[in-house]
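Below is one structure, written out as structure tokens; comments come after it.
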Amino acid sequence: MNRSLFSKDFTLVVIGQIISLFGNAALRFALPLYLLNLTGSSALYGTVMACAFIPSILLAPVGGIVADRVNKRNVMVILDFFTAAVILIFFMLMKEADIVVLLTVTMMILYGIAGAYQPSVQASIPALVAQEHIMAANSVINTVNSFASLIGPVIGGVLYSTYGLRPILQVCMACFCLSAMMEIFIKIPFRKPHTEGNIWKTVKTDFAESIRFIRRDKPVIGKALLVICGINLFLSAMIIVGMPYLITEVLALEPVQANRLYGYAQGALAAGGLTGGIGAGIFADRLPIQKSGNFIIAGAVCVFPIGVSLGLISSGIINYMVITVCCFIIMVFSTIFTVQMMSFMQTETPQNLIGKVIAVALTIAMCAQPLGNALYGVLFQVCEGFEYGVVFFSGAVSLFIAKRAIKM
């Protein structure tokens, strides 16, 4: 194994991730916003986002099993080309089909692909870098993810508010095709494991083995995943549903200006992830896993200024600035926590289980997201005019969960 961090193959993975994740970020910005602009309904928006997460949850374990039994490079190449094909089909049908149904199905497919894709990326890291570089490599991948998520919504917001959805779809198709062509040249060490029985027996055996490892051998991972589920349900879902709804539908902003400002806010959210990823890499030796719960507490506290601003201030621009700054800070802390947990799982898990364990962990962590998206879609709709109450509820419950995590 190459002892340096930036070997040729790891560098290709990083560059491929930049291109692929940029396209992914632009799509995740533009498609839901297009739906929200068409309908103006937070309940429908939350329901569609909830539906979109379900395939991601279901396919993440499959992606983990595949990542351990198939060359990870081939998985990444095939899924990037397939994503480009899905976008092309949507592009061709968007003027013909029922747009709400088409958007829902397309987003479900895209989120499902992402769920199957990420275990291969995460599981490839221990195979490409030395053990002493694993946390730094995770920091790089998270930083790349955040960087792509930063420029994706910003550029997407400018393109969308100026030209509409179609140019974004064309750019994203090109991104996924280019990423797939680059990934063809990656060499990831792979030894095909022995398989007994049919594929369903293999899936059942692999999944059971991963669950057994988390429950019996490393129960601390299971406890951390329960905390993440709670935070996804009450904090992450509020940001996912609340940020676009508040900025584009609640604040007193012109529609074109609101769409562009929402793109900037999404960029700020990604910038928070970028800052957190860089911080986790720089201070890797000073961030013990035992102190990780403090970052979740800090993130939960940052929710309350949003509620105060919405309740007391009428200026749309001031509320927008408070929402953007607070979400940036929340993302900094949550990214550091994510890097810590991912690095811990990778170092504590045997090589033959890494893909499956990460996939199971991602699946469990994401289970609460669809419910949270649907919940906040309804809450914002029901509490119209009192949106600050929904935000306070999110902050209070998230803070309670974070404090419980410290005692684990």
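The values are calculated or read from the model by the stated rules, or taken from the named source; none is laboratory data. None of these values were measured; they are calculated from a predicted model. Neighbour counts are summed over all protein chains in view; Cβ atoms, including those assigned to glycine, are modelled from backbone coordinates with ideal geometry. For accessibility, only protein heavy atoms count, side chains too; no ligands or nucleic acids. Shrake-Rupley method; radii C 1.70, N 1.55, O 1.52, S 1.80 Å.
Fully extending the segment from Met181 to Glu209 would add 6.6 nm, taking 0.36 nm per residue of separation and subtracting the current Cα-Cα distance. Atom-type composition of the exposed protein surface of the chain places 68 percent of the accessible area on carbon and sulfur (1.4 angstrom probe).
In this structure Cys175 has an accessible area near 20 Å², from a 1.4 Å probe over the protein heavy atoms. Summary: within the chain, the longest segment free of GluC sites (Glu not before Pro) located in DSSP loops with at most 16 other C-beta atoms within 10 Å is 197-383. Length gained on full extension, Leu102 to Lys403, computed as 0.36 nm times the residue gap minus the Cα-Cα distance: 104.2 nm. Of the whole protein surface, Tyr34 contributes about 50 Å² of accessible area at a 1.4 Å probe radius. What label, among [x] 24.0, 69; [y] 20.5, 65; [z] 25.1, 84, belongs to Rg and Dmax of the Cα atoms in Å computed from the structure on display? Recomputing Rg and Dmax of the Cα atoms in Å here picks out [y]. Each Lys and Arg adds +1 at its Cβ and each Asp and Glu adds -1 at its Cβ; summed about the Cα centre, the chain shows a dipole of about 1080 debye. Taking the chain as the region of interest, the number of lysine pairs whose Cα atoms are within less than 13 Å, with members eight or more places apart or on different chains, is 8.
Loop-located trypsin sites (Lys or Arg not before Pro) in the range 68-167 (DSSP state other than H, G, I, E, B) with a sparse environment of at most 12 neighbouring Cβ atoms within 10 Å: Lys95. Once the 1.4 Å probe is applied to the protein heavy atoms, the chain comes out at 43 Å² accessible per residue.
Given the whole protein assembly as supplied and a 1.4 Å probe, what does the accessible area of Ser56 come to in Å², nearest 10? Only protein atoms counted, so the area is about 10 Å².
Note on the chain: with a GNM built from Cα contacts shorter than 10 Å, the maximum mean-square fluctuation among Gly293, Gly276, Gly40 falls on Gly40.
Comparing Ser394, Ser314, Ser179, which has the greatest mean-square fluctuation in the GNM of the chain with Cα pairs linked when under 10 Å apart? Looking only at Ser394, Ser314, Ser179, the biggest GNM fluctuation is shown by Ser314. From helices alone, the chain scores -27500 deg cm²/dmol at 222 nm; the rule is -39500 (n - 2.57) for each run of n ≥ 4 DSSP H residues, then divide by the residue total.
The GNM of the chain, with springs linking C-alpha atoms under 10 angstrom apart, assigns the highest mean-square fluctuation among Asn138, Asn294, Asn24 to Asn294.
Can you find, among Pro255, Thr47, Gly277, the residue sitting farthest towards the positive end of the charge dipole of the chain, where Lys and Arg contribute +1 and Asp and Glu -1 at Cβ? Farthest towards the positive end: Gly277. Among Met76, Ser124, Pro32, whose Cα projects farthest towards the positive end of the dipole of the range 10-130, with charges put on the beta-carbon of Lys, Arg (+1) and Asp, Glu (-1)? Towards the positive end, the residue furthest out is Ser124.
Toward the positive end of the charge dipole of the chain, with +1 on the Cβ of Lys and Arg and -1 on the Cβ of Asp and Glu, the farthest Cα among Phe304, Met331, Gly115 is that of Gly115.
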